[in-house]
Amino acid sequence: MWPDNRVLDLLGVELPIIQAPMAGAVLSDMVVAVSEAGGLGSLPCALLSFEQARGELEVIRRKTSRPINVNFFCHQQPPNDPASEMRWRRRLDSYYIELGLDNNTADRSSNLTPFDDKMCDLVAEFHPEVVSFHFGLPEKNLLARVRSAGAKIISSATTIDEARWLEDQECDAIIAQGYEAGGHSGMFLKRDVSTQIGTMALVPQIVDAVRVPVIAAGGIADARGIVAAFALGASAVQIGTAYLLCPEAKITAVHRQVLRKSKDNGTVVTNVFTGRPARVIVNRLIHEVGPMSDDAPEFPLAAGALLPLRLKAETAGSRDFTPLWSGQAARLSQELPAARLTKLLAEETLEKLRFLGAQTEHWITASKISLGAVCRDHPLSESRPTCTLTSTPD
Ligand SMILES: Cc1cc2nc3c(=O)[nH]c(=O)nc-3n(C[C@H](O)[C@H](O)[C@H](O)COP(=O)(O)O)c2cc1C
């Protein structure tokens, strides 16, 4: 029924749709809704304490027996760098004064935590069918524990080098995350955003470079995007931004409002919110400090210093300091419950695939072209057919 079953078979899901883990926006209710609808619901843990993550997993396991994905960031905590932290503080001084906050006493700790032994205990306890990582992979002994808990392991690549690196570490599938994607870029081997690759160019190049199945992510928000991802060689899609308007998404009212009115060119990649490149809707902080600032300290330290500003501004209904995470295709989002959205995306994709198939048949018949499928030796797959079209003379 689907053009490619590799991810379906690997992850044990019915639909080739993975709801992207979105830290701060997704909790158990969305995960349950998507998994029950036949997709893969993903619980992001980067912003959850051990106890919160445990609580969410208990709810999920009580409400669904379908496969789920549990997601973690796996960055290295940067060493203390007082000079860089002071530079960032001074850069934000005027905003602290404007909002009547004390920049010297504010709590600047970031709650973005990397995968560690304790979180690994949760994986061993709840046995999620899939564990996904962002920013590469955790250290080898943690990865081995995840594997021995029975989870399939996936992670994001933004270049061919990253995809090959993940495959060498025995990732079961690779998320090819294009530059259009909302939230943090998963880039981990290089940090140059100016050379980042769009989904359309990235997916087929990664498909050709690795043997494991590839999941396309970035700018996919409706059936047209999913069909295109299949055409590029992906075996499934991971969709983030399009789920942000679901009632289950835990985003602020301000964020929701802005997403509803989002524009095609309203987003930018910035490092000012956390220290790592991430795509958001442009707001005042980005205009005045970003989008890429040398003053922003290493991930995740930049986030800590902004939190007091953000919280104070949000209480007054301002979005000046809020990271309004969004991909480039936000305008294509449909405001539906997560289960309904998942099923609708799947139904519309199948309908579009059938339509395209019928159109192609019709075109071939009408234009008297004969389709000869020849299997050419392919460096990666002996069974990958290459179709040649040959015009038949009248
Ligand atoms: C609000 C938001 C939060 C995100 N948080 C995470 C996260 O916690 N872990 C992760 O692996 N990816 C995260 N991402 C990236 C997604 O996994 C995915 O790559 C991206 O959403 C795909 O692009 P799209 O938003 O255009 O669909 C986040 C994306 C958004 C929009």
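Observations
- Condition check for residue 53: of a type outside the set (S, T, N, Q) and within 16 Å of the ligand (Cβ to nearest atom): yes
- Subset tally (residues that are free of Cβ contacts under 8 Å to residues at least 60 places away in the same chain and within 16 Å of the ligand (Cβ to nearest atom)) for the stretch 295-343: 2
- Every residue from the stretch 55-84 that is buried (at least 18 other Cβ atoms within 10 Å of the Cβ) and either small (Gly, Ala, Ser) or not in a loop (DSSP other than H, G, I, E, B) (or both): 56, 57, 60, 68, 69, 70, 71, 72, 73, 84
- Single residue of 137, 101, 92, 122 found to be farther than 30 Å from residue 41 by Cα and out of contact with any Pro (no Cβ under 6 Å at 6 or more places or on another chain): 92
- Residue 299 being over 16 Å from residue 327 (Cα atoms) and surrounded by fewer than 24 Cβ atoms within 10 Å (Cβ to Cβ): no
- Residue satisfying all of: in the stretch 107-138; of a type in the set (A, V, I, L, M) and touching a residue at least 60 places away in the same chain (Cβ under 8 Å); farthest from the ligand (Cβ to nearest atom) among these: 122
- Test: residue in the stretch 183-205 that is in contact with a helix residue (DSSP H, G or I) (Cβ under 6 Å, 6 or more places away or on another chain), within 14 Å of the ligand (Cβ to nearest atom) and either in the same structural domain as residue 18 (by TED's automatic domain parsing) or of a type outside the set (S, T, N, Q) (or both): no
- Count - residues of the stretch 231-257 that are assigned to a helix (DSSP H, G or I) and crowded, with 20+ Cβ neighbours inside 10 Å: 4
- Scanning the stretch 155-178 for residues that are more than 15 Å from residue 20 (Cα to Cα) and under 12 Å from the mean Cα position of the chain (by Cα) turns up just one, 158.
- In the stretch 344-357, the residues that are more than 12 Å from the ligand (Cβ to nearest atom) and either among the aliphatic types (A, V, I, L, M) or crowded, with 24+ Cβ neighbours inside 10 Å (or both): 344, 346, 349, 350, 353, 356
- Here residue 232 meets the list (1) closer than 28 Å to residue 47 by Cβ; (2) modelled with pLDDT of 95 or more almost entirely, failing just condition (1).
- Annotation note: of 69, 141, 104, the sole residue that is modelled with pLDDT of 95 or more and away from the ligand (no atom under 16 Å from the Cβ) is 141.
- Taking the stretch 116-211 as the region of interest, the helices (runs of 4 or more DSSP H) fully inside it that hold 3 or more residues being surrounded by 24 or more Cβ atoms within 10 Å (Cβ to Cβ) are 199-209.
The values are calculated or read from the model by the stated rules, or taken from the named source; none is laboratory data. A quick note: this is a predicted structure, and the numbers were derived from the prediction, not measured. Note: ideal-geometry Cβ built from the backbone for every residue, glycine included; neighbour counts use all protein chains shown.
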